[in-house]
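S.K.: Questions regarding the structure given below will be posed in turn.
Just so you know, all these numbers are worked out from the coordinates, no wet-lab data involved. Note that the structure is predicted; figures quoted are calculated from it, not measured. Cβ placement follows ideal geometry from the backbone for every residue including glycine, while neighbour counts extend to all protein chains displayed.
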């Protein structure tokens, strides 16, 4: 359904900037805000790629910390093949 909303220029610019920072449309921002305010159920959006990258980096860091050799990964594999 289409509708028209009136708001101050300041509020409009702030909403438009917030939507752009989140990578979403103004329509999606306003719809989400209204759904939260009215406590309507809404399907959660898929996590952004950045959250997956943080997880991968954390796993890589844990893996590197657990490495028990002074060799890097390539050298260790070569060593095992001998």
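S.K.: Looking at (1) loosely packed, with under 10 Cβ neighbours inside 10 Å; (2) not in a helix (DSSP H, G or I), which is the only condition residue 24 fails?
M.R.: So residue 24 meets the others, but not (1).
S.K.: From the list 48, 16, which residue is in contact with a helix residue (DSSP H, G or I) (Cβ under 7 Å, 6 or more places away or on another chain) and surrounded by 10 or more Cβ atoms within 10 Å (Cβ to Cβ)?
M.R.: Numbers: 48 fails: in contact with a helix residue (DSSP H, G or I) (Cβ under 7 Å, 6 or more places away or on another chain).
Just one listed residue meets the conditions, 16.
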